[in-house]
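In what follows, a structure is listed as structure tokens, so that the remarks can point back to it.
None of the figures in this text is laboratory data; all of them are computed from the coordinates on show. In this text the structure is predicted, and so the values were computed from the model without any measurement. Neighbour counts are summed over all protein chains in view; Cβ atoms, including those assigned to glycine, are modelled from backbone coordinates with ideal geometry.
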Amino acid sequence: MTTCSPAPPSGPERAATRLAAASEAAPAPEADVVDAMPARRVVVTVAAVLVLLAVLRAPAMVHAGEGMRPGTTRALVLGVARPLARVTHPLRLDAPDRGLARAFGHRPGSSGVASELATAASQATANPAAAPHGASGPAGGPAPAAIVAPPRRPTAADPLRVLVTGDSLTETLGPAITNAVPGTVRVRTETRYGTGLARPDFFDWASRARAQLGEQHPELVIVAMGGNDGQGITRPDGTVLPAGTPAWAAEYQRRADVVMRIWTGSGQRRVLWLGLPPARSHRLDGYFHQLNTAAAAAATGVPGATYLDLTPWLSRGGAYSDYLSTADGRTVLARSRDGVHLTLDGARIAATHVLDTLRGVWPPGALRP
Amino acid sequence: MIFPTIEFAAFFAVTLALSWLLMPRPRLWKPFVLGASYFFYGYADARFVLLIVASTLLNQAAARAVHRYRDRRLLAAAVACDLGLLGWFKYYGFFALSVDRALADVGLPAPLPLLQVALPVGISFFTFQAISYVVDVYRGGTAPAPLLDFAVYEAFFPHLVAGPIVRASEFLPQLTSPRDPTRVPVARAALLILGGLAKKVVLADVIAVRLVDPVFDAPGQRSSGEIAAAVYGYAVQIYCDFSAYSDIAIGLALLLGFRFPDNFDRPYAARSLQEFWRRWHMTLSRWLRDHVYLPLGGNRRGRRRTHANLLITMTLGGLWHGASWNFVVWGALHGGALVVERQVRTWRARPDDSPAPVEVPAPVEVPAPVEVPRPRSPAAVPAVVPAAVPVAVAIAVPGDAPARPATVLPPPPALARLASPHPAVRRGALHRHRAAVAGGGGGARAWLARLAVFHFVCVTWVFFRAPDLATAGRLLSRLLTAPGPAPLVTAPVLAAIAAGLATAAVPRSWWTATRVRLARLPTAAQIPLLTLSIMIIYAVAGPGQVSPFIYFRF
């Protein structure tokens, strides 16, 4: 751990040193002399900084781990971070980081354990009269639309407030919809990357949805999510529902119902839930089918909620395709390289049909371009 | 693997320790660091490791062959293979779709299957390094390295995915002898890494999320004020994002004992577009100069040919960034402006005003690496350039510099004296040059030039950032025609833009002073200080995720 004098350089290095000295070429000679730490101490310093960060930011590490895809890395990170956080919290070692976050105006994130998404009983199951059972269509049961307030006619001075929100799918859908709407509509996009309904421990859509209503007062919420939900769902009691099982799909439907009801506020606002387009991966595509069925079923039971299946326009005969044709017959690259997301061109195709759907709901001419 | 993640932090801590442990034994160190780099690369998608291995084997075979037979056709074949790989992975879809559309317009069927080819991260960077190696060997500037050395050079993880594009002649000599384990410039590395982290998560991401993304996504709903702010904002965002990656890469390499060339040198302080390109993505600029502009003939074949060469080089440079007409337009705009600038300079030039361009033939011998000064750059890493030619470098007119040496070329007039064989003259010239740069130099005229260059660059970034040409056009027209309130232009965003621009004004001496102060602290003080700095950076950024670096896509 001592600053031993460097061994005499040899070969090219000696030439370099000599030349550097001769021409006073070293940019900061003093700095170069002073700033020279033995490698052993460098390793120790780097390791110490990282360990300190892990200890002082254990909750952030847990959060990062929760946001990872299921797998070894996630298990490893959480395997270290969760016990660490359990130890550091009572010792108040996480206090400095929380204080810093607060100092810069960030609210501490809500803990996913208590999420409404995980705990709230679905209105659909609590009130069987309003719930369509199984795969029965919207025709069955009392028409939920009856309690929905009729949409107002927006003007340029008082435009319709639309919020496009969800996971990374909204990254292109938001701009595409924004650019497609007439001047009487004001669209905002809020993209939350890597989120979904399966993991309120990482990001709690229920509390975020409530916050959005307070902050942005949308009249219509267009939702696109599910891209990250092809994974098991952990229930509050700790049991894991493996992805693809009927219980998993039912739980997803229940959660979709909860979050839709928050956004619609028992019919005061409208929700347009966009179905996931087919995925290139067969496994993922199977999950997406189930998620779409679940979301569609949830929407039928929520007054003001509509489910829009985009598959007819975002596929070739129902099957995944990178390239699609637009309404005017041009071929465009519609899907991004990952085989899940839409390119901007693909999102534009979707936006056309989103607008068509809305024109069917709003008074004739209200959303004319 | 991405730099600011837990996975990378763990990976780097282990790699750093083992690297220094094995450093005295190159036979163990080289396979180790190669394995670590492949692990780093294959972490997201293991298939792509095969690609980089294939590229390494192919280029090594080519290097040996061109060294032995000195046959231009072999070189052409190797470069064609490299460009073929790049073309297939990066441009096939764009090309096929463009052909498809063009033929559809005249009613012909599509001849090419429309495929979506996976894009291996960093392919543009490692392919360019491989090409520069083979060309260097052909030109005699570099001897063919042992396979393992070349493999490490191509895959070394700090520069693998987003540069800097390190030359073989800069990197390979560093492999021939173990790195000095007694003198690691940890304060410089820490400043580069932390500064990069701050630029990325505090400035670039804030500007992107709060201003640039909403405006570029839907310019139709934004006012002129917001669009103007977003145009400036994007200029700052892309600088803070990309230079951050380069800084972090350079800093990580320093901790491992390696020196990379600088990649950015306060580009928005440039007084001409030519100067801008010597300060922006410097390692790409010099690659394009050495491997496109000069082989095309540089400025040696008359005025028209020079102008055409500039246009071709910059347009190809644009296309390198991605398969899209936006990048082509962006590159062509820069090429066209460089032509105009050059023409104006020729008209203005008086015979005694500036030294004539000197084209220096490439030296044949392999020069020893030498540290040369990199004036003007904050926390600069000294570039390693061949000792035989640093003098020759300085007299060449920037942009037309000789093929072999040089990283960044300072402006010519003062630098002619730097080429003097007399150390005293050289030193004086260097001091004057530094003083001129530090003082801003040139008064009102220089400032006007700076503003003009900056605004031209800002406007061209619109094409770079906009999702398509139609959006870019709409943005620029609304820039002048959409009055109204600007709710997106908030104080924090303006502060971030101002801070990003101010990084160009921080005197070099401040960096040095900070570095010395940090280095003088005992380790027991350094550790908490560095930890606290990182905590503050993340506290400012908030709990959101760090978005990927822009240059990952290229």
- What are the aspartates and glutamates whose alpha-carbon lies under 15 Å from the alpha-carbon of B:Lys199, with same-chain residues fewer than 8 places away excluded? B:Asp241, B:Asp247, B:Asp265
- Expressed as a whole number of Å, what is the distance separating the alpha-carbon centroids of segment B:280-327 and segment B:455-517? 26 Å
- Task: Name the lysines eligible as straight-distance cross-link partners of B:Lys90: C-alpha to C-alpha under 27 Å, and not fewer than 8 places from it in the same chain.
- Result: B:Lys200
- Which of the trypsin sites (Lys or Arg not before Pro) found in segment B:59-138 are in a DSSP loop and have at most 16 neighbouring Cβ atoms, other than their own, within 10 Å? B:Arg70
- Query: What shape does segment B:155-245 take by its C-alpha gyration tensor, where a ≥ b ≥ c are the square roots of the eigenvalues and a/c under 1.5 counts as rounded, a/b above b/c as prolate, and the rest as oblate?
  - Reply: prolate
- Item | Cβ-derived FRET efficiency at R0 41 Å, B:Val14 paired with A:Asp237, nearest 0.05 | 0.65
- Would you mind ranking A:Val46, B:Val49 by Cβ crowding within 10 Å, fewest neighbours first? B:Val49, A:Val46
- Message: Less than 19 Å from a label point 7 Å out along the Cα-to-Cβ axis of B:Leu28: which backbone N atoms in segment B:1-22 qualify, by residue?
- Response: B:13-22
- Gap separating the Cα centres of segment A:245-303 and segment A:305-350, nearest whole Å: 19 Å
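Could you tell me which of rounded, prolate or oblate describes segment B:460-529, using a ≥ b ≥ c as the square roots of the eigenvalues of the alpha-carbon gyration tensor, with rounded for a/c under 1.5 and, failing that, prolate when a/b is larger than b/c and oblate otherwise?
prolate
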- Task: In nm, give the distance between the simple-model label positions of A:Arg153 and A:His289, each being 7 Å from the Cα along the Cα-to-Cβ direction.
- Result: 4.5 nm
- Query: Which whole-angstrom value gives the distance between the alpha carbon centres of segment B:222-267 and segment B:17-68?
  - Reply: 28 Å
- What is the P(r) of segment A:141-231, as percent of Cα-Cα pairs per 5 Å bin from 0? 3, 13, 19, 20, 18, 15, 9, 3, 0
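Most exposed first by the Cβ proxy, i.e. fewest other Cβ within 10 Å, how do B:Glu341, B:Glu154, B:Glu170 rank?
B:Glu341, B:Glu170, B:Glu154
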- Query: Could you put B:Asp247, A:Asp204, A:Asp237 in order, starting from the residue whose Cβ has the fewest other Cβ atoms within 10 Å?
  - Reply: A:Asp237, A:Asp204, B:Asp247
- Is the shape of segment A:37-103 rounded, prolate or oblate, going by the alpha carbon gyration tensor and its root eigenvalues a ≥ b ≥ c, with a/c under 1.5 for rounded and a/b larger than b/c for prolate? oblate
